[in-house]
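Q: What follows is a single structure, and I will ask about it in a moment.
The values are calculated or read from the model by the stated rules, or taken from the named source; none is laboratory data. Model, not experiment: these values are computed from the prediction. A quick note on method: Cβ atoms are made from the backbone with ideal geometry, for glycine too, and the neighbour counts reach across all protein chains shown. Each accessible area value is taken on the protein alone, full model and side chains, heavy atoms only, with ligands, DNA and RNA left out. Shrake-Rupley method; radii C 1.70, N 1.55, O 1.52, S 1.80 Å.
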Amino acid sequence: MQDTGMTKRIFIATFISFIFFMAYDYFFIQPQIQPTNQATQSTNSTKQSKISKQNITETKTNLNVEKIAVVKSDNFEVHIDSLGRISQYILEKNIFNDSKGDKLHILSNKIPKVLEIRFKDEALNKEAFTTPVKVDKSEVTLDGKEKTITITQNLKELTITKILTFYPDGHYDIKVNLSKEEPYFLAVGKVDAEVNMYAFHGALLVNPDGSLEMIDDGDGEIKTYKNIKIAASVDQYYTTFLYNLKDGMTVYETIDNEKNPILYIEGEKDLNLHGYIGPKYVKVLDSINPELTKVVEYGIMTFMAKPMFAVLYKFYEFTHNWGVAIILFVVLVRIILFPLTYRGMASMYKMKILAPKMKELKEKYGKDPRKFQMKTMELYKKEKVNPLGGCLPMLIQIPIFFAIYRVLVNAIELKGASFLWIHDLSQMDPYFILPVLMGVTMYAHQVITPNNFTDPMQEKIFKFLPVIFTFFMATFSAGLVLYWTINNILSFIQQYIINKSMEAKGLIIKNPPKEDKK
């Protein structure tokens, strides 16, 4: 096998790798990230839950449950129902509207609702679900500062008091007081607003050491976790979670009828926690507490994606336009990679210069693969050529692209962000202009990039890749396609500069010899 064919395999491998990452992201979305300390893991979770499945999933009420209190702000509206639960969270800005143009409701309509209390005593639990609560205020408006609502439920032998303090940024404090000791569990709730097959949907837990436990919808179990800092339900853009960063919480994972993970916090007579409901805006979460940004995860590429988002956001703060920020980010990446790209291209040109000698070696030692390989390596060493040098820049770009893909897929910051004719960079280009430009620029870059194809069929497949990518990327977010298109344009410019430089050094052969076809 001729080593000058190595590059063609890498080109095709690039495409295959991209497909692999997409498939991996779809079928194994954000695999559960286990704690690195095995001892911590064994004490952190156990399947011996103290909570009965009946108490958790099958509690019903004959009470006519209705909205009894509303918390309003410029950005959201919170509904509290007659069982003392946060029954719904509505986003007020039009950029979040659903496909019908209505205000987006981000909480699931299924039980349990956020802050729903389930008692271990079944009789007490039944009484709690048939006794309406009272509130001290039926409506509050967050005019730039926090407001408090007190919820009281008077049972026969127990009084439950919830004090909720809401803040304009979407987070809240929750204090639960029981008139006497009684085991209970407090529901985290579940978001059900944004469905994307390439994004994670399910439960997310932050361990004491900062590592994550992630449970996909459909993969839930009956399990207990100790000393958890954050217990969250998340989808692509939104979340609801409870947290105690100082002392941690005991969290119980149960399942619904579809095996979706449902989270509860073990209660205390006097319980003090904090919570958040809303979009996963990194800067908002960071302003509340930097640890809360862990609910914005990027899967296996998190270690690369988080710093990339930080740089991207800096460009946005400078330009106040996400489209321009993406362009500047691509420019930065291309500048950083240019020295490596230049050396790689120089190596490819040297490989083309060696084509006649490689042909001679093949004719002389073609029947003895071992000898041919040995002589080929001797030639590379003599001419100081690295056969993989031209492939390295391309291989490096695969994880970089996939990391930025994860950033742009999960960034709610792109929601409603406009750029030229595009009104929402988180959605596909409605006119398919960007996907077509991406395909054209990808082909143009191919034309001026040297290759060592000797098999006509593989060369045809390679040239067809821009068409495949055009159709494949047509339905992806415009922000992602914009990244790829600008990357192609800059790659074309860099390749043109490199070609001129190589021509000046006499490394370009206009008509390199080809193998005789038999």
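Q: Check the range 196-219 and report whether any residue there is touching a Phe, Trp or Tyr at 6+ places or on another chain (Cβ under 9 Å), closer than 30 Å to V333 by Cα and of a type outside the set (A, V, I, L, M, F, W, C).
A: Yes: one or more hits.
Q: Picking from T250, T240, which residue would you name as being within 28 Å of A411 (Cα to Cα) and open to solvent by less than 40 Å² (accessible area, probe 1.4 Å)?
A: Criteria check complete, one pass: T240.
Q: Consider A203 carefully, then state whether it is buried (at least 23 other Cβ atoms within 10 Å of the Cβ) and either in a loop (DSSP other than H, G, I, E, B) or at negative phi (or both).
A: Yes, satisfied.
Q: Identify, by number, the condition in (1) in contact with a strand residue (DSSP E or B) (Cβ under 8 Å, 6 or more places away or on another chain); (2) without any contact (Cβ under 8 Å) to a residue 60 or more places away in the chain; (3) over 29 Å from E258 (Cβ atoms) that E66 doesn't meet.
A: Among (1) in contact with a strand residue (DSSP E or B) (Cβ under 8 Å, 6 or more places away or on another chain); (2) without any contact (Cβ under 8 Å) to a residue 60 or more places away in the chain; (3) over 29 Å from E258 (Cβ atoms), E66 violates only (3).
Q: Oh, and also: Quickly run through the range 217-242 and pick out the residues that are within 15 Å of K190 (Cα to Cα) and either assigned to a strand (DSSP E or B) or modelled with pLDDT of 95 or more (or both).
A: Those that are within 15 Å of K190 (Cα to Cα) and either assigned to a strand (DSSP E or B) or modelled with pLDDT of 95 or more (or both): I230, A231, A232, S233, V234, Y238, T239, T240, F241, L242.
Q: So F76 clears everything in (1) within 26 Å of the chain's Cα centre (by Cα); (2) more than 19 Å from D173 (Cα to Cα) except one condition, right? Which one?
A: Condition (2) is where F76 drops out.
Q: Which residues, counting only those in the range 166-196, are closer than 19 Å to S108 by Cα and either open to solvent by 20 Å² or more (accessible area, probe 1.4 Å) or among the small types (G, A, S) (or both)?
A: G170, H171, A187, G189, K190, D192, A193, E194, V195, N196
Q: Being farther than 28 Å from F464 by Cα and either acidic (D, E) or open to solvent by 70 Å² or more (accessible area, probe 1.4 Å) (or both), is that true of even one residue in the range 399-411?
A: Checking the range 399-411: not a single residue is farther than 28 Å from F464 by Cα and either acidic (D, E) or open to solvent by 70 Å² or more (accessible area, probe 1.4 Å) (or both).
Q: Could you identify the single residue in L292, L312, L285 that is closer than 30 Å to A203 by Cβ, crowded, with 21+ Cβ neighbours inside 10 Å and without any contact (Cβ under 8 Å) to a residue 60 or more places away in the chain?
A: Just one listed residue meets the conditions, L285.
Q: Right, Y276: in contact (Cβ under 8 Å) with a residue 40 or more places away in the chain, crowded, with 22+ Cβ neighbours inside 10 Å and either farther than 21 Å from L107 by Cβ or among the aromatic types (F, W, Y) (or both) or not?
A: Answer is yes for this residue.
Q: Within the range 76-87, how many residues are open to solvent by less than 10 Å² (accessible area, probe 1.4 Å) and either of a type outside the set (G, A, S) or without any contact (Cβ under 8 Å) to a residue 24 or more places away in the chain (or both)?
A: 5
Q: Hey, could you check the range 355-377 for residues that are aliphatic (A, V, I, L, M) and open to solvent by 10 Å² or more (accessible area, probe 1.4 Å) and say which is farthest from F492 (Cα to Cα)?
A: In this case the residue turns out to be M374.
Q: Please find, within the range 52-87, the residue that is nearest to V188 (Cα to Cα) out of those that are assigned to a helix (DSSP H, G or I) and either of a type outside the set (A, V, I, L, M) or at pLDDT 95 or above (or both).
A: Ranking the qualifying residues of the range 52-87, first place goes to T57.
Q: Assess whether P112 counts as being in contact (Cβ under 8 Å) with a residue 60 or more places away in the chain, at negative phi and under 38 Å from the mean Cα position of the chain (by Cα).
A: For P112, the condition - in contact (Cβ under 8 Å) with a residue 60 or more places away in the chain, at negative phi and under 38 Å from the mean Cα position of the chain (by Cα) - is met.
Q: Okay, next question. Kindly check whether there is at least one residue in the range 133-140 that is under 18 Å from I277 (Cα atoms) and either modelled with pLDDT of 95 or more or assigned to a loop (DSSP other than H, G, I, E, B) (or both).
A: Yes, some residue in the range 133-140 is under 18 Å from I277 (Cα atoms) and either modelled with pLDDT of 95 or more or assigned to a loop (DSSP other than H, G, I, E, B) (or both).
Q: Kindly indicate which of I149, I90, I111, I163 is surrounded by 15 or more Cβ atoms within 10 Å (Cβ to Cβ) and at pLDDT below 95.
A: Every option except I111 fails the conditions.
Q: Now, a different point. Quick one: T470 ticks every box in (1) of a type outside the set (A, V, I, L, M, F, W, C); (2) modelled with pLDDT of 85 or more; (3) in a loop (DSSP other than H, G, I, E, B) bar one, so which box is it?
A: Every listed condition holds for T470 apart from (3).
Q: Another one. Take the range 95-109 and flag every residue that is in contact (Cβ under 8 Å) with a residue 12 or more places away in the chain and among the polar types (S, T, N, Q).
A: Passing the criteria: S108, N109.
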